[in-house]
Amino acid sequence: MNIKTNELRTDVLVIGGGTAGCLAAMAAKQKGCDVTLVEKGGSIRHSGSLATGVDHYSAILGEGPWDTPEAFVNKFASTRPGITDLKVVSTYAKEARKIFGFLEEIGVNFKDAKTGKYYRIAGLGGRDPHTICFEGGRIKDVFSAYLGKLQVRLLERLAVEGLLISSGRVTGAVGFHIRTGDFYIIRAKSVVLGTGGATRLFPSPTGRDFFTHAPPFNTGDGHVIALRAGADLTNMEFTFCSVSPRGSDSPAITGFIGMGATFVNARGERFMEKSHPLGDHAPRTAIVNNILKECAEGRGPCFVDCRHLGEEAIGRITKGILNERPTLMDFLKHKDLDMTRDLIPYELREMETQGQGIKVDENCCSTVEGLFAAGDCTNVGLAVSGACTLGYVAGEKAVKHAAAIKDFDDDLQQVNKLRDTIYYPITNPGNIRPIDVEDEMRRIMSTWVGFNRNADGLKTAIKALKGLKDNSRAMMARSFHELMRANETRNLIDVAIVIATAALERKESRSLPAHSRTDYPRQDDEHWKGYIIVNRGDGEELKLSYQPLKTAN
Amino acid sequence: MPAIINIDKCTGCGVCDEICPGDIIYMTDDTSKAMVRYPDECWNCGSCRIECPEDAVSYIFP
C-alpha cells in the first residue's frame, strides 16, 4: 500500500485539542517555543468535552475566606474519598486564579450579562459558591482564535497512536491522518498529552454505545501510548460514573442542583442528606451511589425536582443547558418533559475513565522524562478549570524541559514497528469488524467489571479480554476512518485490561460505586490507602505495585 | 437518533463535515450535499447544528 510519510520537528508537541491541550499549546507558544497541536477530530473548535461549549467554571477568586487556594485544598481533601495526590491539587489551587485571569484576557467572558458580575453558585462537592455560571457556548472558538493568533502549528484529523522513546526520554510521536491515511512522524523535545478519558468501555444505558456521557471519541489513546512508552498509570480501578436524565447523555447536575433543584425518590422524598452531609451538593460519586442505593432498596426510580423553582432559576438552568449541551433541550422536549411541571427521571450512566490514568507529579510530568499530561487522561480529574489550569502548567513545564534538549532523535526502527502495528487492520485485513470486537469488550466489562466486582469475575474478565486482544488481530478496516476505529478498539481493550487488573489487585471497596468488591466490601485504609500503580515493565505483561499515599488525605 | 441533515436545505458548504468531532459526516461523492456516513457513531452533540448556516440539521429523540 502506498502511504505518504510526513516528518516534522517541533519543540513541544501537544496531543489532543481539547481543553487541556489548547491551554498547554498556548502556554508553550507564549514562551517562544515552536509548538505543534494535534487533534484527532475535525476541528479544535468542536473537540473534547467542550465540543459544544460549557456553562460553568469552578474558580478560586478570593471573594471570601472560603475562596482561597488553602481552603479549596482542605475542602477537596474532605470531599474526595478516592486516592488523590494533594500536591497536584495544590498546584491547581495555587495557579487557578492566574489562569482564570488569562482566560479573561484572551476573551472568555465570565461575567453575567444581567448583573455585570460573576454569577456564582455551589455545584457538587461543597456548599461554597465556587462555580461561575457563564455563557461559554463558544469557548472553543475563543481558544481556536487565540491559538491562531499565536500561530501554533495545528494538525487536525491526525490520530496519534504511538510515542517515540530514546534512552527513557520521550522524543516524539507517530500517527496517521484519518482521511488521507498519511503517516506522520513528529520529532519533539517535550510531549504533552491532553487526550481525555476513555469512554465506550461499558454499554450505554441508552442502547447506543456512542451516546455517552463524555465524548465517545475519547478512547484512552493517551493512556495506552503512555503505558506502552513506560509511564505509570494509577487509580484505574476507580471507574467514573455519572447520572443523567433517563435515556439522554448529558448530566446537567451542576446546573440543576446549583439553581436549587433537588433529588427525590419515587415516594417524593429527598434522600441525599441521609447518606451525605452535603445533601444534594455531595460529590458526584456520592450522588451516584446514593441513587444506586435508593433504587436497590426499592425506592426508585429517582428524579430531579425543579417544580418549586421560580422563573429566574428555570431560565438560568435552560440557558446553561443551551450553552453546554443544546441537544438536551431537544431531548426533554421530545420526551414531553417540562421541568416546571414534571419530575425529570435520572438514571446511572455507563462507567468510564475520567480523571484516572497517567500518574503526574506537581509539575504535570509523568514518570517518563519529557512526557507531560493534564486533564482527564491523568490521575487528577478536576473538570474544566482543572484542565485549563493544569494544561497551562503542563505547557510551561514542557517548554522548560525542551530548553535543555539539544538534538532531535532520528531513530527509525521503532517508527517502522509502530507503523506496521497501526496499519495492520488495513494491510492485513481479517474478517472481523472493529465494532464487533468492541461490543464483545463491552459485554465482558459489564458482566464482570461493573458495579459488583469479585476476584473470580475479574480473573474471568482478564482472561477473556486478553483472548479478545489476540483475536483483534483479525480486525479489518476498509477505510482510514475504520482504521481509526480499529486502533481505538485496540486501545480500549488495553485500557479495559488495566482496569480489570487494578480492580483485582485492590482487595477492598472504596469510592463507591467506582470500586465495589463484593468479596471485600469494606474500605481498608490500613492496607489500601495508596495508589495501585500499573506499568508495562520490560515486556508486554502488566506490572503492578503499591505506593502508600504520602500526603494527608 | 443521529443528526438528521435536510438535503433540501443543505447547500453543500461542508462546514459540518469539517467540524464533526467524530468524523461521521462526509460530503456525497459529487460534493453537493453533506451526509451522515457513520450514523451509529453519532454522539448527538449538536456541533453540526450549531455551525450549519442553513439550519439544515435537526435531532429527534424518539
Report task. Considering only residues that are away from every other protein chain (no Cβ under 12 Å) and surrounded by 14 or more Cβ atoms within 10 Å (Cβ to Cβ), look in the stretch B:53-62 and name the one that is nearest to A:T206 (Cα to Cα). Result -> B:A56
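If we keep just the residues of the stretch A:1-19 that are open to solvent by less than 20 Å² (accessible area, probe 1.4 Å) and assigned to a strand (DSSP E or B), which is nearest to A:R157 (Cα to Cα)?
If we filter the stretch A:1-19 for residues that are open to solvent by less than 20 Å² (accessible area, probe 1.4 Å), which is where we start, we get A:10, A:12-19.
After this cut, where a residue has to be assigned to a strand (DSSP E or B) as well, the list is A:10, A:12-15.
Working: A:T10: 18, A:V12: 19, A:L13: 15, A:V14: 14, A:I15: 12 Å.
Within the stretch A:1-19, the match that is nearest to A:R157 (Cα to Cα) is A:I15.
Quick one: which helices (runs of 4 or more DSSP H) sit completely within the stretch A:265-375 and have at least 1 residues that are touching a residue at least 40 places away in the same chain (Cβ under 8 Å)? Even if it seems obvious, please write down each step before you answer.
Details: elements: A:272-275, A:284-296, A:311-324, A:327-334.
Where helices (runs of 4 or more DSSP H) fall fully within the stretch A:265-375 and carry at least 1 residues being touching a residue at least 40 places away in the same chain (Cβ under 8 Å), they are A:284-296, A:311-324, A:327-334.
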Query raised in the report: Residues in the stretch A:181-193: is at least one within 14 Å of chain B (Cβ to nearest Cβ), touching a helix residue (DSSP H, G or I) at 6+ places or on another chain (Cβ under 8 Å), closer than 17 Å to A:I493 by Cβ and not basic (K, R)?
Result: no
Query raised in the report: Could you say whether any residue in the stretch A:476-496 is assigned to a helix (DSSP H, G or I), open to solvent by 10 Å² or more (accessible area, probe 1.4 Å) and either on the phi > 0 side of the Ramachandran plot or of a type in the set (F, W, Y) (or both)?
Result: yes
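Identify, please: which residue in the stretch A:537-553 is in a loop (DSSP other than H, G, I, E, B) and under 23 Å from the mean Cα position of the chain (by Cα) and is, among those, modelled with the lowest pLDDT?
To start, the set of residues in the stretch A:537-553 that are in a loop (DSSP other than H, G, I, E, B) comprises A:537-542, A:549-553.
Applying the additional criterion that residues be under 23 Å from the mean Cα position of the chain (by Cα) yields A:542, A:549, A:553.
Numbers: A:L542: 96, A:L549: 85, A:N553: 43.
The qualifying residue modelled with the lowest pLDDT is A:N553.
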Query raised in the report: Do we have A:N74 as closer than 30 Å to A:L412 by Cβ, free of Cβ contacts under 8 Å to residues at least 24 places away in the same chain and of a type in the set (S, T, N, Q) here?
Result: no
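Listed here are the residues, each with its yes/no results for (1) open to solvent by less than 10 Å² (accessible area, probe 1.4 Å); (2) in contact with a strand residue (DSSP E or B) (Cβ under 9 Å, 6 or more places away or on another chain); (3) at pLDDT 95 or above.
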position: A:C364; (1), (2), (3): yes, yes, yes
position: A:T378; (1), (2), (3): yes, yes, yes
position: A:K397; (1), (2), (3): no, yes, yes
position: A:N416; (1), (2), (3): no, no, yes
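Given the criteria in a loop (DSSP other than H, G, I, E, B), in contact (Cβ under 8 Å) with a residue 12 or more places away in the chain, open to solvent by less than 10 Å² (accessible area, probe 1.4 Å) and under 30 Å from A:A404 (Cα atoms), does A:A231 qualify? Before the answer, list the steps.
Working: in a loop (DSSP other than H, G, I, E, B): yes; in contact (Cβ under 8 Å) with a residue 12 or more places away in the chain: yes; open to solvent by less than 10 Å² (accessible area, probe 1.4 Å): yes; under 30 Å from A:A404 (Cα atoms): yes.
Against the criterion (in a loop (DSSP other than H, G, I, E, B), in contact (Cβ under 8 Å) with a residue 12 or more places away in the chain, open to solvent by less than 10 Å² (accessible area, probe 1.4 Å) and under 30 Å from A:A404 (Cα atoms)), A:A231 qualifies.
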Requested in this report: Check B:G12, B:G22 and return the single one that is more than 9 Å from every other protein chain (Cβ to nearest Cβ) and surrounded by 14 or more Cβ atoms within 10 Å (Cβ to Cβ).
Outcome: B:G12
Query - Residue match in the stretch A:236-245 (condition: within 14 Å of chain B (Cβ to nearest Cβ), modelled with pLDDT of 95 or more and open to solvent by less than 20 Å² (accessible area, probe 1.4 Å)) - result: yes
Report task. Take B:C48 and decide whether it is within 11 Å of the chain's Cα centre (by Cα), buried (at least 18 other Cβ atoms within 10 Å of the Cβ) and within 9 Å of another protein chain (Cβ to nearest Cβ). Result -> yes
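The values are calculated or read from the model by the stated rules, or taken from the named source; none is laboratory data. Note that the structure is predicted; figures quoted are calculated from it, not measured. Heads up, the Cβs are rebuilt from the backbone with ideal geometry, glycines too, and the neighbour counts pull from every protein chain shown. For the accessible areas, the whole protein counts, side chains as well, though only heavy atoms, and no ligand, DNA or RNA atoms are used. Shrake-Rupley method; radii C 1.70, N 1.55, O 1.52, S 1.80 Å.
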